[in-house]
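Peer 1: The following block contains the structure, expressed as C-alpha cells.
Nothing in this text is a laboratory measurement; each read-out follows from the coordinates by a stated rule. Given the structure is predicted, the values throughout are model-derived calculations rather than measurements. Counting neighbours? That spans all protein chains shown, and the Cβs are built from the backbone with ideal geometry, glycine included.
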Amino acid sequence: MTRNEPTPDANADTNADGAAASLKASVLVEALPYIRRFAGKTVVVKYGGNALAGTSDHDALALFAEDIVLMRLVGMRPIVVHGGGPQISALMARLGKEPEFLDGLRITDAETVDIARMVLKGQVNPQLVAAINVHGRFAVGISGVDAGLIRATARDEKLGFVGDVTQINPEVIHGLIDDEFIPVIATIGSDETGQAYNINADTVAGAIAEAIGAEKLVYLTDIEGLRRDVADATSLIRQATADELDELVAEGIIAGGMIPKIASCTHAVRNGVHRAHILDGRIAHVLLLEVFTDAGIGTMVMQHRDEPTLDQPLEGALS
Ligand code: ADP
Ligand code: MG
C-alpha cells in the first residue's frame, strides 16, 4: 500500500498489519543464509569504553547484550573484549588523580594500574556480564590474568604499566566456548612476575581473534567507520584491503584511537581472520545488521580484494 492509494478505513489497519508482518518475515528470511553460514563460527567483538559510557539516547548496553545473545542462540560463538578508558578517567577524577597522556597513551603508575584493574574487572566487566545474563546463563567475565590468557611486557618505561601483548594463551577461551559460554574479557595482562599491565583493548581483541582463528573481528566504536578525512562525515571508507590500509596509515589520515584498531585489523586479516569490521556502536542493533542482513555498514577490512567483495552468503549456501 502506498500513501497515494486511499484504502477504505476498515481495511487500512489490516493492510498495515499485513505489510508489517511480511516485512518481519522477509527480514528473517534474509537472515537465514547468514545464520547458516556463521553457525559454529567465532566472532570477537570489541566494545569500546566510549560506547559503554553512553553517547546515545537508547540503552546501548542492553541492545548490545541482545545482539550478542542472539548471535549465540543461532549457533555463533561470540567473544566480547572491552575497554574502559572513560570509566578509568572518571574514577581517577573522583580520587583526585589527574590522568596524564603521552602520545595518546595513558601514563600508568602503580596507583593507576590498580585503578584500571578495579574499573575494568570490578565495574565495566560485570556490567557487561550482567547485561548479557539478563537473557540467560551465558556470559562469564574474566581478565587477561586468568589462566595466563594475556601475557604482557612493559611497552616503554616512560608509560609505566602500559603493556604490550607478548603471548595469548587461549585455552581458557576454548574451554568456555566449548561449554557454550560467552567469554567477556577485561584487558588486564600480567608478566612472568605477576605484575599487572593495562593493555589497549583494540590490540587485545585483534590478538585474541588471531590466536583462536576467529571468522570475524568487530570493533564497535563511536564513529561510523574509518573516514578518509576524519573531519568529513561523508568520507566513510566502506571496504579496504590490508595493503590499502597500510597506504592510508602512511598518508597519516589515521589518528588517535583509530590507530590501534587499524593496526589490529590489518594484522588480523593477514593472519587468518576472514573479515574485520569497524562499526558505529551508537546505531541500535548494529551487530545484527552487519552479521545477519545484506546491508554492508561501517568499514570492512579483508586481506585481498579478489575475494568476494561483499560479505555475502556463499552461492548455494541454502541448497
Ligand atoms: P573506542 O572507545 O571505540 O576505542 P576511540 O576514541 O579510541 O574509541 O577511537 C575512535 C576515534 O578515532 C574516533 O572517534 C575518531 O575521533 C578517531 N579517528 C582518528 N582518525 C580517524 C579516521 N581516519 N576515521 C575515523 N575516526 C578516526
Ligand atoms: Mg580506543
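Peer 1: Highest GNM mean-square fluctuation, the chain, Cα pairs closer than 10 Å: which of D191, D103, D280?
Peer 2: D103
Peer 1: With a 10 Å cut-off between alpha carbons and a GNM built on the chain, which of P260, P126, P99 moves the most?
Peer 2: P99
Peer 1: Quick check on the stretch 140-271: of the DSSP beta bridges with both residues there, what percent are antiparallel, nearest 5%? All intermediate terms of the calculation are to be shown ahead of the outcome.
Peer 2: On the way: 9 of 15 bridges.
Antiparallel bridges: around 60 percent, rounded to the nearest 5.
Peer 1: Between L32 and H304, what is the label-point separation in nm under the 7 Å Cα-to-beta-carbon projection?
Peer 2: Distance between the two pseudo-spin positions: 3.3 nm.
Peer 1: Separate question: Using a Gaussian network model of the chain with C-alpha springs under 10 Å, which one of R117, R94, R155 is most mobile by mean-square fluctuation?
Peer 2: Greatest mean-square fluctuation among the candidates belongs to R94.
Peer 1: What is the diffusion coefficient of the stretch 10-153 in µm²/s, taking the Kirkwood radius over Cα pairs and the Stokes-Einstein relation at 20 °C with a viscosity of 1.002 mPa s?
Peer 2: 118
Peer 1: Kindly write out, for the stretch 161-167 in residue order, the coupling ³J(HN,Hα) from the Karplus curve 6.51 cos²θ - 1.76 cosθ + 1.60 (θ = phi - 60°), rounded to whole Hz, with x marking Gly and Pro.
Peer 2: Going residue by residue, I get 8, 8, x, 10, 6, 9, 7 Hz, with x marking Gly and Pro.
Peer 1: Taking the beta-carbon count within 10 Å as an exposure proxy, list Y47, Y34, Y219 from fewest neighbours to most.
Peer 2: Y34, Y47, Y219
Peer 1: Moving on. Among 264-275, 135-146, how do they line up by average Cβ neighbours within 10 Å per residue, starting with the highest?
Peer 2: 264-275, 135-146
Peer 1: Starting from the Cα gyration tensor of the stretch 53-136, take the square roots of the eigenvalues, sort them a ≥ b ≥ c, and report rounded, prolate or oblate (rounded when a/c is under 1.5, otherwise prolate if a/b is larger than b/c, else oblate).
Peer 2: Numbers: a/c = 2.50, a/b = 2.26, b/c = 1.11.
Cα axes put the stretch 53-136 in the prolate bin.
Peer 1: What ³J(HN,Hα) values, in whole Hz, does the Karplus curve 6.51 cos²θ - 1.76 cosθ + 1.60 give for the stretch 132-137 when θ = phi - 60°, with x put for Gly and Pro?
Peer 2: 5, 7, 4, 9, x, 9
Peer 1: If one computes P(r) from the Cα atoms of the stretch 193-280, what percent of pairs lie at distances over 23 Å?
Peer 2: Details: 847 of 3828 pairs.
Value for the stretch 193-280: 22 percent of Cα pairs lie more than 23 Å apart.
Peer 1: List the residues whose amide H sits under 5 Å from the amide H of G84, counting only those 5 or more places along or on another chain, with H placed 1.01 Å from N in the peptide plane.
Peer 2: Result for G84 returns G49.
Peer 1: Would you mind checking which residues have amide H under 5 Å from Q167's amide H? H placed 1.01 Å from N; only 5 or more apart, or other chain.
Peer 2: Here R151 satisfy the definition.
Peer 1: What ³J(HN,Hα) values, in whole Hz, does the Karplus curve 6.51 cos²θ - 1.76 cosθ + 1.60 give for the stretch 239-252 when θ = phi - 60°, with x put for Gly and Pro?
Peer 2: Karplus-based 3J(HN,Hα) across the stretch 239-252 equals 9, 8, 8, 4, 5, 5, 5, 4, 5, 5, 5, 4, 6, x Hz.
Peer 1: In addition: Check I188: other-chain or 5+ apart residues with amide H under 5 Å from its amide H, H built from backbone geometry?
Peer 2: For I188, the qualifying residues are G144, V145.
Peer 1: Would you mind telling me the antiparallel percentage of the DSSP bridges in the chain, rounded to 5?
Peer 2: 30
Peer 1: List the pairs from K46/K121; K216/K261; K46/K97 whose alpha-carbon separation is above 20 Å, in the order I gave them. Don't jump to the answer; show the numbers that get you there.
Peer 2: Numbers: K46/K121 16 Å; K216/K261 14 Å; K46/K97 27 Å.
Going by Cα-Cα distance, K46/K97 fall outside the 20 Å limit.
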